[in-house]
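Take a look at the structure set out below.
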Amino acid sequence: MFDLTGRKALVTGATGGIGGAIARALHAQGATVTLSGTRRAALDELASSLGERVHVVEANLSDKDSVEALVPAAEAAMEGLDILVNNAGVTKDNLFMRMKDEEWDTVIAVNLTASFRLSRAAVKNMMRRRYGRIVNIGSVVGSTGNPGQGNYAASKAGLIGMTKALAAEVASRNITVNCVAPGFIESPMTDVLNEKQREGILGTIPMGRLGQGDEIASSVVYLASQEAAYVTGQTLHVNGGMAMF
Amino acid sequence: MSDVADRVKKIVVEHLGVEADKVVENANFIDDLGADSLDTVELVMAFEEEFNVEIPDDAAETIVTVGDAIRFLEKNAA
């Protein structure tokens, strides 16, 4: 089950806590993986820990030219692209009334617009090959909202809508498009929480703990696999029960 | 019939799975040949590959019949 031997995957934000776990999990199932991110040293370190079947392409997803170069570079490195994981994301939290245009624009650009452009580029050759898997990493706050995260919640809710629209368009070509929506996961993004915030969050999670990157990665592996061929346009919530849909 | 026309018709027959005699110059991909909108995108991609040309989106939108494709490619393909 979930064998990805011979599949070629691109993971954005591969140096993050969740992105790194996704890249390792896809690789462990046999996929060739292209790691993308902004931090070259961290990408190289992850690549060398994985050994073979790994490529690195630096990309800054807030830059249009950099985004547009990424899929062609990954396709060239791996001689194809079967699995695209739009994982990269940023936060620029602020109270709605204080939110700067720049904070809004940056979050929408990286989390939503880059995912659009990468998916648009990737789906072209997926259509030719009549096979493809796109997995967008959303967030529980895309469905629940969260104070201070108007931009982030909008970007993640946008991903869910985009996932459904694209899924409907390309289903007949054997391409699936799904979303994995993590709750609170141990990562650099949640390491910044103080003890009081952490306790407050744990109180809202029936499972009573934060999730692990590996628990997101295994959902991505499933959706990227042949076994999930009939699952498309869905959002899989992985959040310890903190929000149920 | 030109060589370009032959190659265009071959691609249309293969891609849409229609009878060759239906693929006439004034056949509309969607209305006459049963293509959906995604098929028309794929046909343009197939023409690009076969003729080694880039067909920009605004030009692609004007290619709605077999004849449109043949004329565009006769003019623009090397």
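The values are calculated or read from the model by the stated rules, or taken from the named source; none is laboratory data. Here the structure is a predicted model, which is why all the values come from computation and not from measurement. Reconstructed Cβ throughout: ideal geometry from the backbone, glycine too, with neighbour counts over all protein chains shown.
Tell me, please, whether a residue that is closer than 29 Å to A:His27 by Cβ and more than 14 Å from the chain's Cα centre (by Cα) can be found in the range A:140-150. Talk me through it step by step, then tell me what you get.
The first filter runs over the range A:140-150 and keeps only residues closer than 29 Å to A:His27 by Cβ, leaving A:140-142.
The next check asks that each one be more than 14 Å from the chain's Cα centre (by Cα); those that pass are A:141.
Yes: one or more hits.
Filter the range B:14-29 down to residues that are within 24 Å of A:Met126 (Cβ to Cβ) and not in a loop (DSSP other than H, G, I, E, B) and give me whichever is nearest to the other protein chains (Cβ to nearest Cβ).
If we take residues in the range B:14-29 being within 24 Å of A:Met126 (Cβ to Cβ) and not in a loop (DSSP other than H, G, I, E, B), then B:His15 is nearest to the other protein chains (Cβ to nearest Cβ).
Out of A:Ala171, A:Ala109, I need the residue that is aliphatic (A, V, I, L, M) and within 14 Å of chain B (Cβ to nearest Cβ). Which one?
Values: A:Ala109 fails: within 14 Å of chain B (Cβ to nearest Cβ).
Step by step, each of A:Ala171, A:Ala109 is checked, and only A:Ala171 is aliphatic (A, V, I, L, M) and within 14 Å of chain B (Cβ to nearest Cβ).
Please list, ordered by first then second residue, the pairs with beta carbon atoms under 9 Å, 6 or more apart or interchain, first in the range A:123-141 and within 12 Å of chain B (Cβ to nearest Cβ), second assigned to a loop (DSSP other than H, G, I, E, B) and among the small types (Gly, Ala, Ser).
Close Cβ pairs (under 9 Å, with a partner that is assigned to a loop (DSSP other than H, G, I, E, B) and among the small types (Gly, Ala, Ser)) amount to A:Asn125/A:Gly80; A:Arg129/A:Gly80.
Among the residues in the range A:58-77, are any at pLDDT 95 or above, touching a Gly at 6+ places or on another chain (Cβ under 9 Å) and of a type in the set (Val, Ile, Thr)?
Looking for residues that are at pLDDT 95 or above, touching a Gly at 6+ places or on another chain (Cβ under 9 Å) and of a type in the set (Val, Ile, Thr), one finds none in the range A:58-77, hence no.
Any residue at all in the range B:30-40 that's within 13 Å of chain A (Cβ to nearest Cβ) and outside any helix (DSSP H, G or I)? First the steps, then the outcome.
Start the filter on the range B:30-40 by keeping residues that are within 13 Å of chain A (Cβ to nearest Cβ), which leaves B:35-40.
Now narrow it down to the ones that are outside any helix (DSSP H, G or I): B:35-36.
Looking through the range B:30-40, at least one residue is within 13 Å of chain A (Cβ to nearest Cβ) and outside any helix (DSSP H, G or I).
Among the numbered criteria (1) buried (at least 17 other Cβ atoms within 10 Å of the Cβ); (2) among the hydrophobic types (A, V, I, L, M, F, W, C); (3) without any contact (Cβ under 8 Å) to a residue 60 or more places away in the chain, which one does A:Phe116 miss?
All conditions are met except number (1).
Here's the yes/no breakdown for (1) of a type in the set (S, T, N, Q); (2) over 16 Å from the mean Cα position of the chain (by Cα):
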site: A:Thr15; (1), (2): yes, no
site: A:Ala28; (1), (2): no, yes
site: A:Thr38; (1), (2): yes, no
site: A:Ala59; (1), (2): no, no
site: A:Glu68; (1), (2): no, yes
site: A:Ile108; (1), (2): no, no
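Looking at B:Asp36, B:Asp6, can you tell me which residue is under 28 Å from A:Leu166 (Cα atoms) and without any contact (Cβ under 8 Å) to a residue 60 or more places away in the chain? Full working, then the answer.
Values: B:Asp6 fails: under 28 Å from A:Leu166 (Cα atoms).
Unique residue meeting the criteria: B:Asp36.
Any idea which residue in the range B:49-78 is farthest from B:Val4 (Cα to Cα), counting only those that are within 14 Å of chain A (Cβ to nearest Cβ) and either within 10 Å of the chain's Cα centre (by Cα) or crowded, with 17+ Cβ neighbours inside 10 Å (or both)? Give the steps one after another, and end with the answer.
Initially, the range B:49-78 is screened for residues within 14 Å of chain A (Cβ to nearest Cβ), giving B:49-50, B:54-55, B:57, B:60.
Filter again for either within 10 Å of the chain's Cα centre (by Cα) or crowded, with 17+ Cβ neighbours inside 10 Å (or both), leaving B:55, B:60.
On the way: B:Ile55: 15, B:Ala60: 17 Å.
Here the answer is B:Ala60.
In the set A:Gly80, A:Gly51, A:Gly16, which member is out of contact with any strand residue (DSSP E or B) (no Cβ under 8 Å at 6 or more places or on another chain) and either at pLDDT below 95 or at positive phi (or both)?
Working: A:Gly80 fails: out of contact with any strand residue (DSSP E or B) (no Cβ under 8 Å at 6 or more places or on another chain); A:Gly16 fails: out of contact with any strand residue (DSSP E or B) (no Cβ under 8 Å at 6 or more places or on another chain).
Matching residue, one of A:Gly80, A:Gly51, A:Gly16: A:Gly51.
What single numbered condition from (1) among the acidic types (Asp, Glu); (2) in contact with a strand residue (DSSP E or B) (Cβ under 7 Å, 6 or more places away or on another chain); (3) without any contact (Cβ under 8 Å) to a residue 24 or more places away in the chain fails to hold for A:Glu215?
Going through (1) among the acidic types (Asp, Glu); (2) in contact with a strand residue (DSSP E or B) (Cβ under 7 Å, 6 or more places away or on another chain); (3) without any contact (Cβ under 8 Å) to a residue 24 or more places away in the chain one by one, A:Glu215 breaks only (3).
Which condition does A:Ile185 not pass, out of (1) away from every other protein chain (no Cβ under 14 Å); (2) at positive phi, if it passes all the others?
With (1) away from every other protein chain (no Cβ under 14 Å); (2) at positive phi applied to A:Ile185, the lone miss is (2).
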